[in-house]
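Below is one structure, written out as structure tokens, with a few remarks after it.
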Amino acid sequence: MSEATESCRFIYKDPNRPIEARVNDLLSHMSLKEKVGLMTCTENPAASPSTIKDLSIGAILYSFPASCYPTEPASAADWADMVDGLQKAALESRLGIPIIQMCDSVHGHGNVFGTTVFPHNIGLGATRDKNLVERIAAATALELRATGTNFSIAPCVAVIRDPRWGLCYESFSEDSEIVSAMTSAVVGYQGIPPKGHPYGYPYVASSWNGTRMHGQRFLLTDILKEKLGFKGFLLSGWEGIDTICESYRADYRHCVLTSINAGVDMNMKPLRYEEYFETLISLVESGEIPMSRIDDAVKRILRVKLIADRSLLDMVGCKVHRELAREAVRKSLILLKNGKDLEKPFLPLNKNARRILVIGRHADDLGYQCGGWTITKYGTSGRITIGTTILEGIKEAVGEHSEVIYEQNPSLATFEGLEFSFAIFVVGEPAYAESKGYNVELKIPFDGANVINMVAERVPTLVFLISGRPLVLEPELLEKIDALVAAWLPGSQGEGVADVVFGEYEFQGKLPVTWFKRVDQLPMNYGDEHYDPLFPLGFGLKMKIH
């Protein structure tokens, strides 16, 4: 049967027909099993191509373990091949409905080798630059679409209240107004609706009061969908509906019933999708969930089905995006100390200094520089992707007659017979994400405080702290060092650090969170009755550039 004949027979296959006519026609051809399949998001590789085809699965989440990769590491072209293969399986289903392909892209399309890795959100919150955040999201969207990925699980709009939490760096700030401003990222990811585009198709124009958001019908349906006219679809968090019961999964049938009737349209069930499938079908057949609610969810999902665009592959890791990431690094750096004497600032450094000592494993470790959600979920050390380390940025920036000596683990022998103009010590946390980042001590890892003390006693020292949150800074340590910069998790473009430290650009960053003195003060946030921080929310020094 020709394509033209197919379009005449099935309205939904005719791209020239109105969206709602196509949606309604396709809905009329779907069985309950196919509708439930469309409302299911599972994970690669948990669902095979045959599962996608036979169950008409609605979406696939690409997770970070290496077993999910088409090759190791996955290039943009490799990723696109994987996406195309699964899309082919979806299009071979009875009705040929394309699948939505999604992944976490919390600071760029970080799970693909060679993409642009931007600073994590906590660093972007330090910039207070909503336009920058929007541009970063737009660049990320292009690199996602280049690989066929059409759903970004970002941005995170959580409000950090305690740095012991493992997701701190995914938050823009402890200040809800700053977080709200940074939701400009949503516009960056989606783009601005074209002129004449129907309102809410699909553009937009965590628990609350003790009830999980997955069960909040008032907010999800009454406000978002009905009052605000949102016509896209709502996706649950990772097995998020399982938390609706006070005891996890205590009554799974109740969890499914409550979430769907509240307005959740697609549930992320990466590992237990069969149980979700059976439970939802049973609830519809019993009448506990009306078919009208199922049809509403299916319509919403069908409206936003998109197609991959390989023509964008050259945008992945392109120069324009890397320059944008470098700009973000510059603007995210926060100067916390500049000189032991306020009248004698230590920064900017002299790029023509005779001999410069750069120390610390974080100075030349791209993986630690990028942090979690980069190539793997929890991140790792080493040259895991394409980028420029802080050390490489320093070497590129200094004068031709300056000597840069790098010591990952300095000892007393490092200083024997050599005179250094100054030392740049880059120290910080290992890579982590979510629960693997929970930390009740928040000390500088890798014996960092002791090494800083040893170095600062022998040479004027600038310390760069690479971390996803504030860490403990003892008074004795602060007294010994000459300057301190919070660099957060800057991503793939370490040149941005050298841009500022040598005075080509001014420090612009302001603390997006309160920097505590001692962990026994936590949680402590701006506005608390006994607010006594080391550095308050909004703190950030300036320097006089040459």
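Some points to look at:
- Filter result for the condition that a residue is of a type outside the set (Ser, Thr, Tyr), open to solvent by 60 Å² or more (accessible area, probe 1.4 Å) and in contact with a strand residue (DSSP E or B) (Cβ under 7 Å, 6 or more places away or on another chain), over Asp341, Asp364: Asp364
- Pick from the stretch 381-414, criterion under 20 Å from the mean Cα position of the chain (by Cα) and open to solvent by 60 Å² or more (accessible area, probe 1.4 Å), ranking: nearest to Gln493 (Cα to Cα): Ile386
Residues are listed down the side, and each one gets a yes or a no for (1) surrounded by fewer than 22 Cβ atoms within 10 Å (Cβ to Cβ); (2) in a loop (DSSP other than H, G, I, E, B):
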{"residue": "Gly123", "(1), (2)": "no, no"}
{"residue": "Asn131", "(1), (2)": "yes, no"}
{"residue": "Glu134", "(1), (2)": "yes, no"}
{"residue": "Ala139", "(1), (2)": "no, no"}
{"residue": "Pro155", "(1), (2)": "no, yes"}
{"residue": "Ala158", "(1), (2)": "yes, yes"}
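- Within the stretch 226-254, being part of a helix (DSSP H, G or I) and within 24 Å of Asn44 (Cα to Cα) holds for Gly240, Ile241, Asp242, Thr243, Tyr252.
- Cβ-Cβ contacts under 6 Å between residues 6 or more apart (or on different chains), taken from a first residue in the stretch 312-335 that is basic (Lys, Arg) to a second residue that is assigned to a helix (DSSP H, G or I), are listed as Arg326/Glu495; Arg326/Gly496; Arg330/Gly496; Arg330/Asp499; Arg330/Val500; Lys331/Thr127.
- Check on Leu333, within 31 Å of the chain's Cα centre (by Cα) and open to solvent by less than 50 Å² (accessible area, probe 1.4 Å): yes
- Count of the stretch 446-461 residues which are of a type outside the set (Gly, Ala, Ser) and within 29 Å of the chain's Cα centre (by Cα): 2
- Among the residues of the stretch 26-54, those that are closer than 26 Å to Ala80 by Cα and either open to solvent by 40 Å² or more (accessible area, probe 1.4 Å) or among the polar types (S, T, N, Q) (or both) comprise Thr40, Thr42, Asn44, Pro45, Ala46, Ser48, Pro49, Ser50, Thr51, Lys53, Asp54.
- Of all residues making up the stretch 166-202, the number that are of a type outside the set (A, V, I, L, M), at pLDDT 85 or above and over 30 Å from Ala74 (Cα atoms): 6
- Ser435 meets all of the listed conditions (1) out of contact with any Gly (no Cβ under 6 Å at 6 or more places or on another chain); (2) farther than 23 Å from Lys517 by Cα; (3) among the polar types (S, T, N, Q); (4) open to solvent by 20 Å² or more (accessible area, probe 1.4 Å) but one, namely (1).
- Among the conditions (1) under 19 Å from Leu489 (Cα atoms); (2) open to solvent by less than 50 Å² (accessible area, probe 1.4 Å), Glu143 misses just one, which is (1).
- Residues (touching a Ser or Thr at 6+ places or on another chain (Cβ under 8 Å) and either outside any loop (DSSP other than H, G, I, E, B) or within 24 Å of Phe118 (Cβ to Cβ) (or both)) located in the stretch 497-536: Gln508, Gly509, Pro512, Val513, Phe535
- Scanning the stretch 71-98 for residues that are of a type outside the set (A, V, I, L, M), within 29 Å of the chain's Cα centre (by Cα) and open to solvent by 10 Å² or more (accessible area, probe 1.4 Å) returns Thr71, Glu72, Pro73, Ser75, Asp78, Asp81, Asp84, Gly85, Gln87, Lys88, Pro98.
- Single unsatisfied condition, Leu471 versus (1) over 18 Å from Ile334 (Cα atoms); (2) surrounded by 23 or more Cβ atoms within 10 Å (Cβ to Cβ): (1)
- The criterion of at least 3 residues that are of a type in the set (Gly, Ala, Ser) and at positive phi is met by none of the helices (runs of 4 or more DSSP H) wholly inside the stretch 270-373.
For every residue, the table says whether it meets (1) open to solvent by less than 10 Å² (accessible area, probe 1.4 Å); (2) out of contact with any strand residue (DSSP E or B) (no Cβ under 7 Å at 6 or more places or on another chain).
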position: Ser236; (1), (2): yes, no
position: Thr243; (1), (2): no, no
position: Arg249; (1), (2): no, yes
position: Tyr252; (1), (2): no, yes
position: Ile260; (1), (2): yes, yes
position: Glu275; (1), (2): no, yes
position: Leu280; (1), (2): yes, yes
position: Met291; (1), (2): no, yes
position: Asp295; (1), (2): no, yes
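- Subset of the stretch 490-513 (residues that are open to solvent by 10 Å² or more (accessible area, probe 1.4 Å) and under 24 Å from the mean Cα position of the chain (by Cα)): Glu495, Gln508, Lys510
- Matching residues in the stretch 160-183 - criterion: being open to solvent by less than 30 Å² (accessible area, probe 1.4 Å), outside any loop (DSSP other than H, G, I, E, B) and of a type in the set (Ser, Thr, Tyr): Tyr169
The values are calculated or read from the model by the stated rules, or taken from the named source; none is laboratory data. Not measured: the values here are computed from a predicted model. FYI the Cβ positions are ideal-geometry reconstructions off the backbone, even for glycines, and counts take in every protein chain you see. SASA here: full protein model, heavy atoms, side chains in, ligands and nucleic acids out. Shrake-Rupley method; radii C 1.70, N 1.55, O 1.52, S 1.80 Å.
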